[in-house]
Each structure stands twice: as C-alpha cells, then as structure tokens.
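Let me begin by presenting the structure, written as structure tokens, before commenting on it.
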C-alpha cells in the first residue's frame, strides 16, 4: 500500500464521476471509492499505486483475470474483423460445439447473453417454465443486474424510487 484507502487520486476521480453517473451501481464500488488504473491476472492497481488481490473477480464474470493476453488478442482480432451478435460465425459454431462437449449429461445447448442481468432473467424464465412456479429466493444485498425483471431480487435501498 502506498496511500490510505482510498487514496487522494481515487477520491478525486470518484468525486468527479458523481456529477455524471446515474445511481444504481454495485454497492462494493460505492463503499470502496477506489479508481483503478490497470489489472494483471488476479491483481488490480489503483491510480494511487496501491495493489490489491482481486477476490471479487471483476464482478464475478472475469475468471480469466485482468489483462489476459490470449483473451485480449482474440477480442482484438474479432473486433477488427466482425462485430455481429445474432448471425452465425465459424467462431461461434466452434464455441457452441466445445460447450456442448464440456456440458454434463443431456445439457448440450447454449445461449449467449450480453450481460449478467440478461442471463439471470433467462434463468428465471427457464426455471419458471420448467417448474411452473413463480416464487424466487434471493439474498439481501445480492446484485443480479439493473433490468426490471431482476431488480426485485435485490434487497438494498438502491432499487428504491
């Protein structure tokens, strides 16, 4: 650690954002007040030079870590060639085939989503379709996204109003 947490540069950047950013962010970022400069694997470095081990895993969806060279290269190659989400591509066909081979039992089909809230909403629809029930259990303080279908699962005051 180089400074107190959050450091002076983090506090300044965090304060500057407040005039422009809408409410509804995850509580952990509000409580921390940290501004990050870069990441490498499982570590993050803030703008003040403090280094952290990222046990949060980039909001639990970045399990490859920060700055993974193969992921960065693949994203760059794909983005420089084609930016399409719903049409078939050779890469998507291969990814679907690999997922099918790795899936357990009869789970052989996949669906890609643009974000976590969309995936949670799809999981809710699937569970309701299968069980024919509509009650859902969630955890107070959990974050499941910002869309109308999942906001009711959050138990904190950020969803009020």
Nearest 10 degrees, 0 to 90: what angle lies between the long axis of helix 8-17 and the longest principal axis of the chain (Cα atoms)? 60
Normalised by the number of residues in the chain, what is the relative contact order in percent for Cα pairs under 8 Å and 6+ residues apart? 15
Mind running the shape call on the stretch 115-156? Use the C-alpha gyration tensor, a ≥ b ≥ c as the square roots of the eigenvalues: rounded below 1.5 for a/c, prolate if a/b tops b/c, oblate otherwise. oblate
Arranged by the count of other C-beta atoms within 10 angstrom, fewest first, what order do 118, 4 take? 4, 118
Just from its helices, what would the mean residue ellipticity at 222 nm be for the chain, if runs of 4 or more DSSP H residues each count -39500 (n - 2.57) and the sum is divided by every residue, rounded to the nearest 500 deg cm²/dmol? -11500 deg cm²/dmol
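Does the chain classify as rounded, prolate or oblate by the C-alpha gyration tensor (a ≥ b ≥ c root eigenvalues; a/c under 1.5 gives rounded; else a/b over b/c gives prolate, otherwise oblate)?
It is oblate, given that a/c is not under 1.5 and a/b is not larger than b/c.
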Enter the angle in degrees (range 0 to 90, nearest 10) between the Cα long axis of helix 69-81 and the first principal axis of the Cα atoms of the chain, meaning the one along which they spread out most. 70
Honestly the stretch 1-83 on the Cα gyration tensor test (a ≥ b ≥ c root eigenvalues; a/c under 1.5 rounded, otherwise a/b vs b/c for prolate or oblate) is just prolate
Cα long-axis angle, helix 90-102 against the chain (0 to 90 degrees, to the nearest 10): 80
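Read the figures in this text as sums done on the coordinates, not as results from a lab. Everything quoted here is computed from the prediction, not taken from an experiment. Glycine gets a Cβ as well: all are built from the backbone with ideal geometry, and neighbour counts include every protein chain shown.
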